[in-house]
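Structure, as structure tokens:
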């Protein structure tokens, strides 16, 4: 069987590649269509260049039509048995091209993600220059408001139409509970690591001091989504006796208590994680969190880190069960980190337990059968 994976962003994307690897284990042929990354050696049998741009993503007619022609040419040449679209843009475009066997993989809950973008723009412009904008800024704000409101409306409707009419994979049960209202072809595939990714990670070692990890992408844009709000987080480690914080994936100026490690590949990431005891997901509470399931929680677990997360990230708690600790706010987080620093033996026991639990339960392969079920449902 020939499976074409589509995305409007380039590789690497580990969720896309894990889906493809699942199919390759069944001797299927796998292909990727999206922006080409010539420096990346992917696992796909062939990569088709489909050149998405910001204007095509914003559905400007000429640019949307240009990408659609590239996608149509790819489909005609390959004649795939299944099209696995990894975002709403690609899925929507496939439905406009023709009636093809389509599976929609909703990584982000796109209709809600559009609302997050609207919220971020509103917060940014409301606080820009104390709320006082010049004529040029007002004009820019007006245009961006129109574009984002239009996109939120388009993608909310498109997502419902696509989920209603096509098998859909998603990452958490709360999203499934929403989608099941208008479709019974919904399949759960959480963002768990694959076996080959974690099989060489040894059991965690005992640490005689407390240190924590935060892993994530550094957001350099001034317009930041509020569901990943870290305001005041780093200050906790400067002002309190709660050990060191190692920040993976960010560049910054390190201090005595906060050490920035910059970009790391996945092997390096796990090595750095294992040097610490706590894996933190410290976003301030947000209305989107019940639908969110950050994959870093499960990477932490496989590295033998005790996971600590904001209490409204309910998917993490459901997946990790007793192997994570929830906190309500930064004051609560500080108190719990301090308490853990005073009982390192108990902390080590918890780390061993979460490591063993992850290896038995939090694996991609435990759910990959749902991918194949979604293919059969086309």
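Laboratory data are not the source of any read-out in this text; all were calculated from the coordinates shown. Remember, it's a predicted structure, so these values are computed and weren't measured experimentally. In this analysis, Cβ positions are derived from the backbone assuming ideal geometry, glycine residues included, and neighbour counts consider all displayed protein chains.
Largest GNM mean-square fluctuation across 84, 286, 302, computed for the chain with C-alpha springs under 10 Å, falls on 286. Largest mean-square fluctuation among 99, 208, 81, in a Gaussian network model of the chain whose springs join Cα atoms under 10 Å apart, belongs to 99. Mean residue ellipticity at 222 nm, helices only, the chain: -13500 deg cm²/dmol; runs of at least 4 DSSP H residues each add -39,500 (n - 2.57), and the sum is divided by the number of residues.
Annotation for residue 263 and residue 196: the two label points, set 7 Å from Cα along the Cα-Cβ direction, are 2.2 nm apart.
If we count other beta carbons within 10 Å of each Cβ, what is the order of 300, 40, 121, 375, fewest first? Don't jump to the answer; show the numbers that get you there.
Numbers: 300 30, 40 10, 121 17, 375 20.
The order, fewest Cβ neighbours first, is 40, 121, 375, 300.
If I build a Gaussian network model for the chain, linking alpha-carbon pairs within less than 10 angstrom, which residue out of 96, 328, 238 has the largest mean-square fluctuation? Evaluated over the chain, the most mobile residue of the options is 96.
What's the center-to-center distance, using Cα atoms, between region 154-201 and region 311-372 in Å? Using only Cα atoms to place each centre, the spacing works out to 22 Å. Across the chain, C-alpha contacts under 8 Å between residues 6 or more apart give a mean separation that, scaled by the residue count, equals a relative contact order of 15 percent.
Give the distance, in whole Å, between the Cα centre of region 1-40 and the Cα centre of region 251-310. Cα centres, region 1-40 to region 251-310: 26 Å.
For the chain, count all C-alpha to C-alpha pairs, find those more than 36 Å apart, and express that count as a whole percent of the total. Across the chain, Cα pairs with separations above 36 Å total 27 percent. To the nearest ten degrees, helix 135-165 and the longest principal axis of the Cα atoms of the chain are 80 degrees apart. The angle separating the long axis of helix 88-97 from the principal Cα axis of greatest extent in the chain is about 10 degrees. Two numbers describe the Cα atoms of region 228-378: Rg and Dmax, which are 16.4, 56 Å.
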